[in-house]
Every structure is written in structure tokens, then in C-alpha cells.
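No value in this document is a laboratory result; all are computed from the given coordinates. Fair warning: this is a prediction, and the values are worked out from it, not measured in the lab. With ideal geometry, Cβ positions are generated from the backbone for all residues, glycine too; neighbour counts draw on all protein chains shown.
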Amino acid sequence: METNENKFEKIFDRAKQVDMRQEESNKVDARLKAQIAANPIPTAPAATASIASMSKVLGLVLGALLVAGGIYLVTGSSEPVLEDGPVEEKTQEEIEKEVEEQKENNPIVATSTNTTTPPISPSPNATPTASTTTATTTNTDVTEDDGTTVWPYPGVYTGTGSNPTSTTP
Amino acid sequence: MKSRTEQVFLAAYEANKNALFRHILMRISGDRDRATDLLSDVFARTWNALCKGKEIENLRAYFYRVAHNLLVDEYGKPKVISLDALSEESEHGELEVSEVSLHSDVVRLGELSELTRALAKLPNDFREVLVLRYIDDMGPSQIAEILGESANTVSVRINRATAALREILNGVTNK
């Protein structure tokens, strides 16, 4: 006895064997032929195609150049532009000489600030205050006419050489 | 001299015209003259699309897609009917009369095979997936591409349609 499953398959197999009849096939062929003749696919000439491809290549090259230029402008060199020409190269002697000149023109002033907190006062009513001591040293050596250098305390010490003379009574 | 596109199109036409004719014939319940006209329309529309510069990767799938659209245009959008509703109607001998008689004016009962008559009793969307699956031998993913739906949806519909068809065929056999 034929099962339902077999019947199901057989019925579709039979349907698959249905084909167009010759006259039906001829009819469809003729219609399609007429359609193709009336409405052919436009073909692009070879020259047009090659120009189009060349334009594409040219466009790509120009595009790449523009991109490269943009990158250079955005992330270009960070070196400053020298407006007055190249920087002069100086010898070690010249540099030392400049330093000496700068020392003479601008004496060094050393300033130090010490802040100390005083010990807590034994008096309960006393208010502790911070004291500030400022020491300033100025390098202002005094040079005599003969070229010797003396300390800037005339009342305390004057003299040159190895035998200073005290002026203190 | 034939262009490359024309050669490819004509080769696809020769390879698919019989299968497409069969597909359309089963979908419209066996009217051969109408199937021939619709088949000519499928190829003419595809050719026109190529003339307009449309790039078609899979000509076979495109032919079926055009056939699907033509059948929807002609017979309306497939109405989705749940299997439960279908079974219930079948039990009471009240299958969707409008679906069955949709093409009654073109159905020639003397020419119809048992399958064609059984398919005619199914909703259009069930008939469509059954023909694509069992006569055109397409898988769910190929059918999904033609119908523009997900493969999962198509698989579910194939199962329901198959169950409905078996039920109809068994009913015919048992009578």
C-alpha cells in the first residue's frame, strides 16, 4: 500500500515533469526576440571607457596629493621659522665672554626667606605670631684706584695685601 | 554581435524558462495561456531592467522575484492564514472559499492534476512557498531572497504549508 509520504513525493515529481509545449516555447521566444530588437542594451564605446578609466586614475592621484598636503599643513614641522636668517654659531670663548659681561652688567642678587614658627607662649593670653627674617646679600665689592678690592665696611676694616692696618682705636 | 550582457541573459533565459513556466502554472492553477503571457512579461521586464543599466548578480533569483511581483500585482498580496484557522475551517469543510475560487474562471478542472487542485485550496502564500520548495527545489534562504523575508519566517511557513497540503491530500485520498 502506498504511504502518504510516498504519495506526497510522487505528486511533486509528476509536477516537475510539466514542461512548456513547443508552441508555447516558440511564442515566448518570439516575444523576447522582438523585445531585444526593439530595446537593445546600449554599449559604451571603447574610447569613452578608456577616458573614463584615465579620469579615475587622475582623480585618485590628485586626491592623494590633496590628502598629503592637508596632512602636512595639519601636522607639519613644529620648528620656528627663522625670519632673520640662520642662527650664528658661537665658540666656547665667545660664550664665556658673554657670560662675564652679563655678570658685570647684572649683579646676582640672592634672596632667601626663612619662616619660623616661634614656640608656644607660656602665657595663655599671648598670641603666637610668625616672624619672618629676610637676609639679603649684594655682591658690591669696592675697587680701589690701584685695582685692589676692599670690603665695603670702611669703619671696620681697610687695607690691602697681607698686612692690613686696623683703623679701630 | 551580441553584447556580453545579452549573452548572459539569453543563457539564463534558456536555462530557466521551463522551470519558471512550471512555477507560474502551479501558482495560477494550471492556465497555460496565462502562464505563457506572464512568463513573457518576466523576461521582458528583466531585459528592460538590464537596458536601464541595472546590475543583476543572480539572474535566476531576479526572474523569480519579477514573477512573484507580477503574481502579487495580478492576484493581490498573499493573505497569511494561520495553520490553526486553516485546520479549523478544514474540519468543518469550510476552506477559504475566496482563496479557492480566486482563479476559478481560469481553472480548467479537466487539466488539473491532483496537486494543482490541492494547491488551489491553499492560501496564496502557502502555495507560493510550496511551489518554490518542492517544484523549484529551492532552500529557505533562496526563497527568502526572492520574497524579501527572513529565512526563518520562510522555514516556518514551509512547515505549516506542508502540513496543510498533507491534510488536504489525505482528505482527498480518504474520500
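What pairs from A:Lys33/B:Lys2; A:Lys7/B:Lys17; A:Lys33/B:Lys17 go past 20 Å between their alpha carbons? Each step should come with its number before you reach the end.
On the way: A:Lys33/B:Lys2 13 Å; A:Lys7/B:Lys17 27 Å; A:Lys33/B:Lys17 14 Å.
Where the Cα-Cα span goes over 20 Å, the pairs concerned are A:Lys7/B:Lys17.
In this structure, B:Asp73 and A:Asp19 have a Cβ-Cβ separation that, at R0 = 30 Å, corresponds to a calculated FRET efficiency of about 0.70. A simple spin-label model places pseudo-atoms 7 Å from Cα toward Cβ; at B:Thr5 and A:Asn26 they are separated by 3.2 nm. A simple rule links phi to the HN-Hα coupling: the Karplus curve 6.51 cos²θ - 1.76 cosθ + 1.60 with θ = phi - 60°, which for region B:45-58 gives 5, 5, 4, 4, 5, 5, 5, 7, x, 5, 8, 10, 6, 10 Hz, with x for Gly and Pro.
Distance between the 7 Å Cα→Cβ label points at A:Glu104 and A:Lys7: 12.7 nm. Listing A:Lys27, B:Lys2 from fewest to most neighbouring C-beta atoms within 10 Å gives B:Lys2, A:Lys27.
Counting neighbouring beta carbons within 10 Å and listing from fewest to most, the residues B:His23, B:His68 come out as B:His68, B:His23. By other beta-carbon atoms within 10 Å, ranking B:Phe9, A:Phe8 with the fewest at the front produces A:Phe8, B:Phe9.
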